[in-house]
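Let me begin by presenting the structure, written as structure tokens, before commenting on it.
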Amino acid sequence: MKEVYTNKHTGEIQDAVMKNVIDLVETQVEEVRASQLISDDDSSASNNLTRARINEMVIKAVPKKKSRLVGLGLRAGSSSSQPPILDPVIMEELREKTDRIEALETQNTTILAQMAEQKSTLELQSEQVAETQRLNRELLEKMRELFPAQF
């Protein structure tokens with residue numbers, strides 16, 4: 001979020017509201033990490049702050065205007081940290097459609113290979129027909145030379 005609102009040329013956050021929100025969240029994150037260090041002797045405990053927890057801090061810190069979170073465009077009651085609800089029926093349909101797509105792609109590949117083979121066969125036959133026609137013309141010309149009265 002900080003990167004989005006930071007001016008690339010000056011390196012400063014120009015939106016005062018967002019600057020206050022970012023400063024507040026950074027302070028809260030530092031306080032939580034500091035309290036984790038004090039309460040736990042392990043230094044690895046400082047890494048226990050999850051993205052979901054940080055997102056919750058941001059949502060609580062961002063002001064609400066017309067039932068939306070300023071700068072985020074989310075509804076005030078929604079939370080991006082909650083996992084989506086997965087309906088088993090929809091998931092099964094998705095699996096079936098994925099299997100069907102894979103089968104159609106395999107079938108398409110097979111058909112394309114067959115068509116390429118047929119095309120090369122037709123090109124070869126076309127070349128043979130053209131050669132036969134050339135030979136027939138040459139033979140006809142020679143016969144006209146040898147037997148001009150009959151042709």
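Descriptive notes on the structure:
- Principal axis extents of the C-alpha atoms in the chain (largest first, rounded to whole Å): 116, 47, 42.
- If R0 is 41 Å, the Cβ-Cβ spacing of residue 141 and residue 113 corresponds to a FRET efficiency of close to 0.45.
- Using C-alpha pairs under 8 Å with a sequence gap of at least 6, the mean separation divided by the residue count of the chain gives a relative contact order of 11 percent.
- Residue 53 paired with residue 121, simple spin-label distance in nm, labels 7 Å along Cα-to-beta-carbon: 6.8
- At a probe radius of 1.4 angstrom, the accessible area of the chain per residue rounds to 83 square angstrom.
- Estimated dipole of the chain in Debye, rounded to 20 [Cβ of Lys and Arg +1, of Asp and Glu -1, Cα centre]: 860
- Note on the stretch 83-151: Rg/Rh from Cα positions, Kirkwood definition for Rh, rounded to two decimals, is 1.66.
- Note on residue 21: accessible area approximately 10 square angstrom, rounded to 10, probe 1.4 Å, nucleic acids and ligands left out.
- Inter-probe distance in nm under a simple model that places probes 7 Å from Cα toward Cβ, at residue 87 and residue 3: 3.5
- Angle between the chain longest axis and helix 16-39 axis [Cα atoms, degrees, rounded to 10]: 70
- Computed from the Cβ-Cβ distance with R0 of 22 Å, the FRET efficiency linking residue 37 to residue 61 stands at 0.50.
- On the chain, 55 percent of the accessible area sits on carbon and sulfur atoms, based on a 1.4 Å probe.
- Think of the chain as having a plus end and a minus end, set by charges on the Cβ of Lys, Arg, Asp and Glu; of 21, 113, 139, 21 sits farthest toward the positive end of this dipole.
- Where labels lie 7 Å past Cα in the beta-carbon direction, separation of residue 24 and residue 104 in nm: 5.0
The values are calculated or read from the model by the stated rules, or taken from the named source; none is laboratory data. Bear in mind the structure is a predicted one, so any value in this text is a computation, not a measurement. A quick note on method: Cβ atoms are made from the backbone with ideal geometry, for glycine too, and the neighbour counts reach across all protein chains shown. In case anyone asks, the SASA skips ligands and DNA or RNA and just uses the protein heavy atoms, side chains included. Shrake-Rupley method; radii C 1.70, N 1.55, O 1.52, S 1.80 Å.
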